[in-house]
Amino acid sequence: MTVITPNKNNFVSDVSGTSSVHNQADKSTVFQTKDLNLWYGEDQALKSINLEIYENEVTAIIGPSGCGKSTFIKTLNRMVELIPVVKVSGDILYREKNILEKSYKVENLRTHVGMVFQKPNPFPKSIYDNIAYGPRIHGIRNKKILDEIVEKSLRGAAIWDEVKDRLHENAYGLSGGQQQRICLARCLAIEPDVILMDEPTSALDPISTLKIEELVQELKKDYSIIIVTHNMQQAARISDKTAFFLNGEVVEFDNTNKIFSNPSDKRTEDYITGRFG
Amino acid sequence: MKYIDAEQVQKKLGSRLVLNNLAKRLFFLATLVGLVVLVILFYRVVTDSIGWIDFDFLTSKLSTDAERAGIMGAISGTFWLMLVVAPITFILGVGTAIYLEEYAKKGRFQAFIQINISNLAGVPSIVFGLLGLTVFVRGLGMGAVVLAGGLTMALLVLPVVVVSAQEAIRAVPQFLRDASYGMGATKWQTIKNVVLPAALPGILTGVILALSRAIGETAPLVVLGIPALLLPLPDGIFDKFTVMPLQIYYWTIDAALVAEYANLAAATIVVLLVLLFLMNSVAIIIRNKFQKRY
């Protein structure tokens with residue numbers, strides 16, 4: 001990946017509709033992107049994104065397919081680098097450090113910024129080994145500590161009671177909804193600061209979806225959550241802030257209430273009222 | 001208007017069905033040819049070997065007296081050979097496959113290596129024999145010992161192992177790697193903890209099939225100068241040795257002198273075939289047991 005870091009003085013900071021967001025002196029910023037651009041080969045997927053993500057909030061990213069919303073959150077933990085032809089420019093500040101700097105190690109970043117993927121992707125290992133995977137790769141070998149982490153994480157993902165008697169069975173024996181909560185628990189086990197969720201409920205049934213949504217509400221007390229969703233009702237239900245992406249640009253970023261009741265941009269209104277997308 | 005005329009369809013239906021039937025029979029016949037050849041081969045070999053395979057045959061050393069001759073030497077030679085071939089092909093083959101699939105940037109260099117591995121798989125085995133003779137037997141002065149034969153055989157079957165390990169690694173879904181990277185794992189941690197365990201059944205299948213090819217190979221060992229008449233059993237990788245296919249080869253030639261040698265050759269063929277059958281069965285069992293887990 002090529003990182004072009006532009007002169008910090010000449011980035012354009014204002015995005016329409018962010019005025020009411022700025023009034024947040026009590027909450028600290030987790031992520032801040034400055035003039036973030038991203039190309040897949042010749043195609044520009046993200047165009048000058050300037051966003052701020054706040055601590056202990058749920059930020060929803062909505063927009064039609066191909067608008068760059070998944071690309072955007074994968075840029076925040078640099079998973080997007082796994083695609084060979086990607087080029088990024090601009091700055092992404094995570095806790096005031098630019099994660100696009102060469103010296104910033106992705107392994108370190110991803111320990112702070114966990115991710116839950118669209119399709120439940122547990123390892124073909126036991127439930128216990130799935131949850132213990134993260135702590136183990138970060139060097140924790142002590143069985144007692146691992147046991148504690150596993151229980152705490154599974155409780156955090158509200159699945160402890162369902163699996164506590166079969167921790168050593170393969171995670172593939174669980175239902176899709178349970179698997180997704182295992183993946184969430186696995187993410188919690190690395191004790192992240194931010195949790196990225198890339199359409200985490202799109203492969204789940206309504207009841208499993210509800211469980212994940214309730215969890216998100218619970219988890220935001222301890223974590224900052226950024227969730228990509230196709231489902232506008234979901235964004236409205238669970239998020240504090242919503243960013244509407246269209247063709248790689250942020251059309252509008254504001255409090256969720258504002259976006260869904262009184263959007264400033266005509267395109268946002270058209271999208272949330274179902275006129276396109 | 002309609003383009004497809006029902007009456008025309010009806011009229012042509014008969015000849016279409018005849019052709020359909022003909023195709024089925026033709027392809028069945030093609031399959032039958034191979035099957036019949038196999039059955040005849042088996043029948044000849046088994047009838048020739050009846051009365052010759054017994055415990056003594058498996059545990060006796062070589063002898064010019066057909067009644068007393070056994071293949072203990074060839075069996076232990078084959079065993080030692082595999083002891084060299086298996087770890088070398090596994091380590092080099094899997095290592096190459098990991099590099100090509102996980103580390104190498106997709107580009108000209110990678111494509112160049114890939115094409116050459118395929119080409120290497122097509123090189124006649126006797127050429128590998130010449131390579132082994134030049135490099136190992138003479139160049140490094142090993143002589144016609146197990147190590148020289150094993151290294152030669154390892155090179156011979158390496159492309160097969162590389163390609164099958166690559167396929168197994170490629171079959172590991174990207175979402176499993178993503179899950180690992182997403183938690184801050186390094187590339188090596190991801191390969192070691194996620195990719196290799198998931199790919200291992202496929203890799204093992206490839207290795208076993210490659211070994212079963214190495215067990216049956218004769219030509220490169222002939223070039224290396226592996227002796228046919230060898231009385232002492234090999235005790236290690238620096239000893240002289242012989243293997244079953246070579247034993248079969250020389251007994252078949254010498255059948256002109258002693259007719260019973262033909263029976264010994266047939267008996268050895270049966271032992272070799274049973275061994276290959278067992279190895280392939282293990283490969284199939286591994287494949288069936290672990291496939292489609294995602």
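What follows draws every value from the coordinates through simple rules; no lab data is involved. Worth saying up front: this structure is predicted, and the values here are computed from it rather than measured. All Cβ positions, even for glycine, are placed from backbone atoms using ideal geometry, and neighbour counts span all protein chains on display.
Among A:Cys183, A:Cys67, sorting on how many other beta-carbon atoms sit within 10 Å of each Cβ, with the fewest leading, yields A:Cys67, A:Cys183.
In segment B:6-49, taking the dipole from charged Cβ atoms about the Cα centre, the farthest positive-side position among B:Thr31, B:Thr47, B:Leu19 is held by B:Leu19. Dividing the helix sum by the residues of chain B, where each DSSP H run of 4 or more adds -39500 (n - 2.57), gives a mean residue ellipticity at 222 nm of -23500 deg cm²/dmol. Exposure proxy for B:Lys61, A:Lys34, A:Lys27: other Cβ atoms within 10 Å of each Cβ, ordered fewest to most, give A:Lys27, B:Lys61, A:Lys34.
If the limit is 22 Å between Cα atoms, which of A:Lys47/A:Lys220; A:Lys27/A:Lys258; A:Lys69/A:Lys258; A:Lys69/A:Lys241 go over it?
Long pairs (Cα-Cα over 22 Å): A:Lys47/A:Lys220.
Using alpha carbons only, how many degrees (0 to 90, rounded to 10) separate the axis of helix A:206-219 from the longest principal axis of chain A? Taking Cα atoms only, the helix is inclined about 80 degrees. Compactness of segment A:172-277 was expressed as the Cα radius of gyration divided by 2.2 N^0.38 Å, which yields 1.15.
How would you classify segment B:194-294 from its alpha-carbon gyration tensor, with a ≥ b ≥ c the square roots of the eigenvalues: rounded for a/c under 1.5, else prolate if a/b is greater than b/c, otherwise oblate?
On the way: a/c = 3.55, a/b = 2.10, b/c = 1.69.
The shape class here is prolate.
Magnitude of the charge dipole for the protein assembly as shown, about its Cα centre and with charges confined to Cβ atoms of Lys, Arg (+1) and Asp, Glu (-1), is about 680 debye. Counted residue by residue at 0.36 nm each, then reduced by the alpha carbon distance between them, the extension gain from B:Ile253 to B:Thr186 reaches 18.3 nm. For chain B, the pair-distance distribution built from all alpha carbon pairs, in bins 5 Å wide starting at 0, is 1, 5, 9, 11, 12, 12, 11, 9, 8, 6, 5, 4, 2, 1, 1, 1, 0, 0 percent. In plain terms, if you count all Cα to Cα distances in segment A:93-214 and split them into 5 Å steps from zero, the share in each step is 2, 12, 21, 23, 19, 12, 7, 4, 1, 0 percent. Mean separation of Cα pairs under 8 Å and 6 or more residues apart, divided by the residue count, gives chain B a relative contact order of 25 percent. Here the protein assembly as shown carries DSSP beta bridges of which approximately 55% are antiparallel, counting only pairs with both residues inside. In the elastic network of chain A, a GNM with C-alpha springs shorter than 10 Å, the most mobile of A:Asp91, A:Asp35, A:Asp222 is A:Asp222.
Report the local net charge at B:Glu67: Lys and Arg +1, Asp and Glu -1, summed over other residues whose C-beta lies under 14 Å from its C-beta. Residues near B:Glu67 contribute -2 overall.
Computed over chain B with a Gaussian network model linking Cα atoms closer than 10 Å, the most mobile of B:Ile88, B:Ile284, B:Ile126 is B:Ile284.
What's the tally of Lys pairs in segment B:58-290 whose alpha-carbon atoms lie under 21 angstrom apart, where the two lysines are 8 or more places apart or on different chains? Counting lysine pairs in segment B:58-290 gives 4. Summarising the label geometry, the points placed 7 Å from Cα in the beta-carbon direction at B:Arg138 and B:Gln10 lie 8.1 nm from one another. Sorting the segments B:173-182, B:113-122 by their residues' average number of neighbouring beta-carbon atoms within 10 angstrom, most packed first, yields B:173-182, B:113-122. Counting neighbouring Cβ atoms within 10 Å and putting the fewest first, the residues B:Phe57, B:Phe241, B:Phe42 line up as B:Phe42, B:Phe57, B:Phe241. Distance from the C-alpha centroid of segment A:184-231 to that of segment A:245-265: 21 Å, rounded to the whole angstrom. When the trypsin sites (Lys or Arg not before Pro) in segment A:110-155 are filtered for DSSP coil states and for at most 14 other beta-carbon atoms within 10 Å of their beta-carbon, the remaining sites are A:Arg141. Between A:Ser261 and A:Glu107, the FRET efficiency estimated from the beta carbon spacing at R0 = 41 angstrom works out to 0.45. Separation of segment B:152-206 and segment A:152-173, taken as the distance between their Cα centroids, equals 28 angstrom.
Where does the charge balance sit around B:Asn280 when Lys and Arg score +1, Asp and Glu -1, over other residues with C-beta under 11 Å from its C-beta?
Charge balance in the 11 Å sphere: +2.
Scattering from segment B:6-49 was approximated by placing one identical point on each alpha carbon and applying the Debye formula without solvent; log10 I(q)/I(0) at 0.16 1/Å stands at -0.59.
With the charge dipole of segment B:58-290 set up from +1 on Lys and Arg Cβ and -1 on Asp and Glu Cβ about the Cα centre, the Cα lying farthest toward the positive end among the listed residues B:Ala265, B:Pro227, B:Phe90 is that of B:Phe90. Over the residues of chain A, the helix contribution to mean residue ellipticity at 222 nm works out to -9500 deg cm²/dmol, using -39500 (n - 2.57) for each DSSP H run of at least 4. This model, with +1 at the C-beta of Lys and Arg and -1 at the C-beta of Asp and Glu, gives segment B:58-290 a dipole about its Cα centre of some 880 debye.
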